[in-house]
1. Can you tell me which residue among ALA277, ALA282 is surrounded by fewer than 18 Cβ atoms within 10 Å (Cβ to Cβ) and of a type in the set (A, V, I, L, M)?
2. What single numbered condition from (1) within 22 Å of LYS336 (Cβ to Cβ); (2) at pLDDT below 95 fails to hold for ARG369?
3. Take the stretch 379-390 and flag every residue that is of a type outside the set (Phe, Trp, Tyr) and surrounded by 21 or more Cβ atoms within 10 Å (Cβ to Cβ).
4. Kindly provide the set of residues from the stretch 390-411 that are closer than 22 Å to GLU209 by Cβ and in contact with a helix residue (DSSP H, G or I) (Cβ under 8 Å, 6 or more places away or on another chain), ordered by number.
5. Do you know which of the residues in the stretch 358-384 that are touching a helix residue (DSSP H, G or I) at 6+ places or on another chain (Cβ under 6 Å) and among the hydrophobic types (A, V, I, L, M, F, W, C) is nearest to TYR344 (Cα to Cα)?
6. Name the single residue that is farthest from GLU349 (Cα to Cα) among those in the stretch 283-321 being in a helix (DSSP H, G or I) and among the hydroxyl-bearing types (Ser, Thr, Tyr).
7. Taking the stated definitions as given, is ALA377 under 17 Å from ILE319 (Cα atoms) and modelled with pLDDT under 95?
8. Looking at the stretch 127-220, what helices (runs of 4 or more DSSP H) fall wholly within it and have at least 2 residues that are in the same structural domain as SER67 (by TED's automatic domain parsing), of a type in the set (Asp, Glu) and out of contact with any helix residue (DSSP H, G or I) (no Cβ under 8 Å at 6 or more places or on another chain)?
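The values are calculated or read from the model by the stated rules, or taken from the named source; none is laboratory data. Everything quoted here is computed from the prediction, not taken from an experiment. Reconstructed Cβ throughout: ideal geometry from the backbone, glycine too, with neighbour counts over all protein chains shown.
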Amino acid sequence: MPPKMPATVAAGVTFFLKTAWAATPPRSPCVNGSIISLHCSNAPQRLYCLTPPKAKSFSMEWKIHRSLQEIPREAWNALAMGDFPFAEYDYLLAMELGACVGAEPGWIPYYLGAWEGGRLLGASFLYQKDNSHGEFIFDFGWARAYHEHGLSYYPKWVSASPFTPVTGPKLLIHPQADREALGHAMLERALELRRREGGSGLHYLYIAENEIPIFRDCGAMIRHSYQFEWRNADYRDFQDFLDGLRRKRRLQIARERRRVAELPVEIVALTGDEIGAEHLGAMYGFYVATFHKKFCSPYLSRRFFEEVHARMRERMVLILAKRGGEWVAGSINYRKGAALYGRYWGCAEEYRNLHFELCYYQTIEYAIRHGLARVDAGAGGSHKMLRGFRPELTYSAHWIEHPGFREGIRHFLEKEKAFIAEELAYAREHDSFRRSAEREAEETE
């Protein structure tokens, strides 16, 4: 069994925040109005005095855009995003047009743009939030601790692809720009925006690992978490992948796939123009059904699905199961570069092991067939580790305005980081893959 979180860590938010509160009584978060002034060399809160050693002066114009439609699509997509499709213009705009973001869902968009001579050199997508839903880096305990002490945790500011817990760049920089210097300057402007508009803090979620030094330079606290990912070791086919697993896991997966093969369903993988309105409508129905089974309201609207299909269907990979003439289950994935991202699953009828087939085994087969390097299976689910996925660290960056809560959260993150390191070490030691000694033992049987 994996190690259990120690009680001091499980209750860490409450314990550390109350301790920090007792040590640092509440006071105004703004002293002389200069905590995060751009050139605040004498600011009393050093965390927000942002003139990093490597920062440079910029003559560019900084703009706040309240809709992505104020920015040309070509200018936005010219910024460096790597294999990350969820910061692309069409994906974020579909969130707007589908009313998935805005005042009602509590994700109010602010797009920070750095312009020079009419050219967009950098951008950051930010949201002012009055809740913590759809983020998957959980801070409900922080909000509760604020409330218990008569303070407001909301509004807060978040940079994340809404409802999309996937690692990728949050500081979008043009390839010809000075990435480090512009990244520092962009964070300064984001913190200024938070100060001007109000809010308890600023949070960049699921940042890229190579962005961490920029965030640390600007005083952010880095939080560790993890998700599960499958990596392609140049497998020839699915059987080649299976051969690398421990015997128990190999037999389990083979058994699950055999049972699905015996079902009266046909499974197809569709992408691009192969995806029609019929397939999209079925997939949206499955998505909604998943939320309703949990007595929740879906985050994403039908309009969002339609906009993504219209604007970026070449990124979409639907894996659907049909019985007779009816679609009965499906998963929606996105592909960019060498990566495939699993996003949503749902079904109209329950079939044993079909979830594993559509979400894991079919995506692995698709990745092998198309030479992709990895499959990102998204948040949660230690059952993924039993099926060939391995835990990978994820990172987020946090600024907290209140000095007492900031110190309490800092202590909590240190404890949480140590626990996650212990848990990952255990998970990697007990993953599904054979070690050389196991291979030799099996070969001599």
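1. The match here is ALA277.
2. (2)
3. LYS384, ARG387, GLY388
4. Residues satisfying the conditions are ARG390, PRO391, LEU393, TYR395, ALA397, HIS398, TRP399, ILE409.
5. ALA377
6. In this case the residue turns out to be TYR284.
7. yes
8. Result: 179-197.
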